[in-house]
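Everything on this sheet refers to the single structure shown next.
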Amino acid sequence: MPEGESEIVAGHMTEYSGFKYAIFFLAEYFGMFAVSGLAVTLFLGGWHPPLPFLEIIPSYVWFFAKLSVLLFTFIWLRGTLPRMRIDHVMKFAWQFMMPMAFTCIIAAAAWHYQSHGLAGWLGSLGILLVVYLALSRFLRANKNLSPRTYRFAE
């Protein structure tokens, strides 16, 4: 998710400009390359082709094709989505993503201890749905929708 790195006044980006700033972003893209390689290996089948009859294509071609798709997607999303302030991202993470992550752990445990059939899936889905709706209503109710007021210097 894009952030306004050059606009952050405090933190590690304060002293970086010019060549140091470029090296920092080069390291960030290298990290994106490494995470994409790990995601290809763990989640997209690594060097294996998606269909058996495509095994005539070398394995390194499959790996780098999948890696290129992930890198393209990351760069495309970074260029397309609007930049977000880091305090908004952190507020969203703590208020919504963390409770949903803990709920996913609880739902996975409920699925594990229930039957692994349809009843287990429906129970887990029910837990996730109830918590999602409760969080959505809670966050929407606590949102300040009043017009913004400004105080000008005199």
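From the list Phe72, Phe96, Phe43, Phe64, the one residue that fits, being free of Cβ contacts under 8 Å to residues at least 60 places away in the same chain, within 29 Å of Tyr29 (Cα to Cα) and touching a Leu at 6+ places or on another chain (Cβ under 8 Å), is Phe96. So for the range 102-125 (the condition being loosely packed, with under 11 Cβ neighbours inside 10 Å, more than 26 Å from Phe43 (Cα to Cα) and within 22 Å of the chain's Cα centre (by Cα)), does at least one residue qualify? Within the range 102-125, none of the residues are loosely packed, with under 11 Cβ neighbours inside 10 Å, more than 26 Å from Phe43 (Cα to Cα) and within 22 Å of the chain's Cα centre (by Cα).
Selection of the range 107-154 for residues being at pLDDT below 85 and of a type in the set (Val, Ile, Thr) yields only Thr149. Residue count for the range 11-48 satisfying the condition of being farther than 26 Å from Asp87 by Cβ, under 26 Å from the mean Cα position of the chain (by Cα) and of a type outside the set (A, V, I, L, M): 10. Condition (residue is under 30 Å from Leu133 (Cβ atoms) and modelled with pLDDT under 85) applied to the range 3-21: is it met by at least one residue? Yes, the range 3-21 has at least one match. Taking into account only those residues within the range 28-61 that are out of contact with any Pro (no Cβ under 9 Å at 6 or more places or on another chain) and hydroxyl-bearing (Ser, Thr, Tyr), which is surrounded by the most Cβ atoms within 10 Å (Cβ to Cβ)? Among residues in the range 28-61 that are out of contact with any Pro (no Cβ under 9 Å at 6 or more places or on another chain) and hydroxyl-bearing (Ser, Thr, Tyr), the one surrounded by the most Cβ atoms within 10 Å (Cβ to Cβ) is Ser36.
The values are calculated or read from the model by the stated rules, or taken from the named source; none is laboratory data. Here the structure is a predicted model, which means the values were calculated and not measured. For neighbour counting, all protein chains shown are included, and Cβ atoms are generated from backbone atoms with ideal geometry for every residue, glycine included.
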